[in-house]
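K.L.:
Quick one: the structure is below, questions incoming.
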Amino acid sequence: MMAKETSSKSVQARTPFLKQLYHRIWKDRFIYLLLLPGLIYFLTFKIVPILGNIIAFQNYNPFKGILASEFIGFDNFARIFEDTQVLRVIRNTLFISLMQILFVFPAPIILAIMLNEVANDKVKRFIQSVVYLPHFFSWVVIISIATIFLKPEGIINQVLMGMGYDWVPFMTKESLFVPTVIAELIWKETGWSTIIFLAALASLNHELLEASIVDGANRWKRIFYIILPSIGSTIVILLILRIGTVLDTGFEQIFLMLNPFNRDIGEVLDTFVYEKGLKQSDFSFSAAVGLFKGVVGLILVYTTNRIVKRFGHDGLF
């Protein structure tokens, strides 16, 4: 008898909550309707495909399907550390990603500070428009332009030979592959990435800046002691997110630049998964590599966030 009374009370307690929830949803139904396409997109292309990772633990046969394919456990993951080709690809990926963090990540910060120092608004808006533009070009266009400039008869080699130097095989020389990738990435994405830092600089305490000028602080001191600390939390959060994608160097750019001369140093995990999964139909192994990337990224984000919070900064979570 007591159990029936308890269950009836819990149902009565839930009823007002459900009614309130229904009325709240109905009241804001148009807002939820606007959210619906985005929710459907993420559900269809981000959440549901996660279930397909089960093939990483199978000897997947597309003719048998996921349910009928043989389950082999962690054998595909063991292959990642046994295959010398995979280890070479991981090494290339880590090296390129490290260079991106060292050179590409600070570039928008520096550019945002430089733009913030421009006093003339018209000049500032013009520079912003110019540096934003490359972001809207596809990598196919960017690589095509770079090839035109860097090929043996391109303008850069013509200038070098005009100065008395020998022409440089930019697109085929192994030692120049990574610098070329970094230069292209800086050119394409630096301007667009400044948007976040410019937004952070908009909340800068101008009274503090004026006080530092009165106290005799020069421009460099204002940048290092006032401007950089004021956007420090933004920098830290973006750095955590970037470290989480350390095994993701960008497929399209690398794929378009690869050739038989630079493949040993230029092949990364993304292009390797493409070769194994699509060209060689080794779906299970490529899925295992992709899942391995995701797990490593998750661990790196969590670890970096803990380290950042230990140093007294606001982390990502």
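K.L.:
Excluding residues on the same chain fewer than 8 positions from residue 279, give the lysines whose Cα lies under 17 Å from its Cα.
P.N.:
none
K.L.:
Using a cut-off of 28 Å between alpha-carbon atoms, which lysines can reach residue 151, once sequence neighbours fewer than 8 places away in the same chain are excluded?
P.N.:
Straight-line reach from residue 151, under 28 Å: 173, 188.
K.L.:
Hey, which lysines would be in cross-link range of residue 27, C-alpha to C-alpha under 20 Å, not counting anything within fewer than 8 residues on its own chain?
P.N.:
Leaving aside lysines fewer than 8 places away in the same chain, those within reach of residue 27 are 19.
K.L.:
Is any helix in the chain, taking whole DSSP H runs, at least 24 angstrom long along its axis by alpha carbon and on average at least 0.5 on the Kyte-Doolittle scale, and which ones?
P.N.:
Within the chain the helices that satisfy the rule are 177-202, 283-310.
K.L.:
For region 235-317, what % of the accessible area comes from carbon and sulfur atoms, probe 1.4 Å?
P.N.:
Its accessible area is 66 percent carbon and sulfur atoms.
K.L.:
Suppose we keep just the alpha-carbon trace of region 49-179; what are its Rg and Dmax in angstrom?
P.N.:
23.4, 67
K.L.:
Write down the Kirkwood hydrodynamic radius of region 155-288, to one decimal in angstroms, obtained as one divided by the mean of 1/r over all alpha carbon pairs.
P.N.:
19.1
K.L.:
Mind pulling up the Rg/Rh value for the chain? Radius of gyration and Kirkwood radius, both on Cα.
P.N.:
1.08
K.L.:
Once amide H atoms are placed 1.01 Å from N in the peptide plane, what residues at a sequence separation of 5 or more from residue 58, or on another chain, have their amide H within under 5 Å of its amide H?
P.N.:
72
The values are calculated or read from the model by the stated rules, or taken from the named source; none is laboratory data. All values derive from a computational prediction rather than experimental measurement. Just so you know, the surface numbers come from the protein's heavy atoms only, side chains and all, with ligands and any DNA or RNA stripped out. Shrake-Rupley method; radii C 1.70, N 1.55, O 1.52, S 1.80 Å.
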